[in-house]
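Asks: Sharing a structure, written as structure tokens. Questions coming.
The values are calculated or read from the model by the stated rules, or taken from the named source; none is laboratory data. It should be emphasised that the depicted structure is a prediction, and the values quoted were computed from it without experimental measurement. No Cβ is skipped: glycine too gets one built from the backbone with ideal geometry, and neighbour counts run over all protein chains shown.
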Amino acid sequence: MKLKNYLIYSLKGFVIGMAIILPGISGGSVAALLGIYDKMIGAIADIRKNFKESMKVLLPILLGLVFSVSLFIPLDLIVQIAPFPVIALFVGMMIGGVPELTKKLKGTVNVRNILLAVIGFLFSASIGVVSVFALSPADLSNPQIFDFLKLFAVGFGASTTLATPGISGSITLLALGYYLPLLNVAVEMMALQNLGINLLICVAFGLGMLAGFIVLSKIMKYLLTKFLIPTSFTIVGVVCGSFISSFFNSETVDLVRTNPAYLSPLQISLTVILLILGVLSTVFLTRLANKKMETKKTEESK
């Protein structure tokens, strides 16, 4: 892979990592809108058969993702000051990418495909609502063998957040009651506290995510290969539904309950402005990329 492409993939990985951190934003949605979802899924699904080629795609994405996640603390501080404007910026960027995402769906609109899009929309939008009535937080202070098995299962389920666009990792974990306990584990790890138990917790959860991601990537690759149009309609519906759950979920509801100032005229104005800026930035970058691609094709045809 050329250095330029390597840097582009790393930057896209960085943006995906930022999306994973923010409440309600789906890393899979961002990957789809950045145009690397299919490649990422294919690379993971074929990692055993084509390890070298798969790693050329996955390594720069992973490096960018890890770097962005390492910025969790400063980003979290920004989110605490102005959560809705920050979320609005990412949602705007996703909205701006929807037209590009639907390009290949032109001429394939029928009752079945519309129904799949609606089902995807309702499923994704409902995740935020479900998280408001979430299970009580899990107790990971003294985990037993069964708790580690549950962590593996939760990790397996959470892997859908990357393998399936439109589903937010943070909101899914909140709904299951594991977001805050796992966040506390991460904080303790950074402070070098309870390293033994916390390391086992991370390993159990991480192995579950890895296993789930590999299995679901194979499923998604099969669906995108055999049923491209119906699957694409469903993905578009899920991505659009995530716009609802991004703003309405247990975390944003709790923020407003504890501090009504988050809905002040200033915060709402910033939210609207950054939402519009997010849309415009994606539309501009998409048109720029398409223009460069058309110019390249024209030059090659001469």
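Asks: Which one of the conditions (1) modelled with pLDDT under 80; (2) in a loop (DSSP other than H, G, I, E, B) does residue 79 fail to meet, given that it meets all the rest?
Replies: (2)
Asks: Residues to consider are 98, 91; find the one that is surrounded by 22 or more Cβ atoms within 10 Å (Cβ to Cβ), within 19 Å of the chain's Cα centre (by Cα) and under 14 Å from residue 240 (Cβ atoms).
Replies: Being surrounded by 22 or more Cβ atoms within 10 Å (Cβ to Cβ), within 19 Å of the chain's Cα centre (by Cα) and under 14 Å from residue 240 (Cβ atoms) holds for just one of 98, 91, which is 91.
Asks: To continue, here is another question. Quick check on segment 36-64: of everything there that is more than 16 Å from residue 224 (Cβ to Cβ) and of a type in the set (A, V, I, L, M, F, W, C), which residue is surrounded by the most Cβ atoms within 10 Å (Cβ to Cβ)?
Replies: 61
Asks: Within the set of pairs 6+ apart or on separate chains, which have a first residue in segment 222-248 that is within 11 Å of residue 123 (Cα to Cα), a second that is surrounded by fewer than 22 Cβ atoms within 10 Å (Cβ to Cβ) and of a type in the set (S, T, N, Q), and C-beta atoms under 6 Å apart?
Replies: The qualifying pairs do not exist here.
Asks: Would you tally the residues in segment 113-139 being touching a Phe, Trp or Tyr at 6+ places or on another chain (Cβ under 9 Å), of a type in the set (A, V, I, L, M) and at pLDDT below 80?
Replies: 5
Asks: Return the pairs, sorted by first residue and then second, in which the second residue is loosely packed, with under 14 Cβ neighbours inside 10 Å and among the acidic types (Asp, Glu), the first residue lies in segment 261-277 and is within 11 Å of residue 85 (Cα to Cα), the beta carbons are less than 8 Å apart, and the residues are 6+ apart or on different chains.
Replies: Close Cβ pairs satisfying both conditions: none exist.
Asks: If residue 249 satisfies all but one of (1) at pLDDT 85 or above; (2) farther than 27 Å from residue 112 by Cβ, what's the number of the condition it fails?
Replies: (1)
Asks: Follow-up. Name the residue, out of 261, 211, 204, 191, that is surrounded by 16 or more Cβ atoms within 10 Å (Cβ to Cβ), over 24 Å from residue 122 (Cα atoms) and of a type in the set (A, V, I, L, M).
Replies: That would be 204, the only listed residue that is surrounded by 16 or more Cβ atoms within 10 Å (Cβ to Cβ), over 24 Å from residue 122 (Cα atoms) and of a type in the set (A, V, I, L, M).
Asks: May I ask you to list pairs of residues, at least six apart or on different chains, whose Cβ atoms are under 7 Å apart, with the first in segment 167-194 being modelled with pLDDT of 75 or more and the second being in a loop (DSSP other than H, G, I, E, B)?
Replies: From segment 167-194, the pairs are 178/138; 181/137; 181/138; 181/140; 185/140; 188/194.
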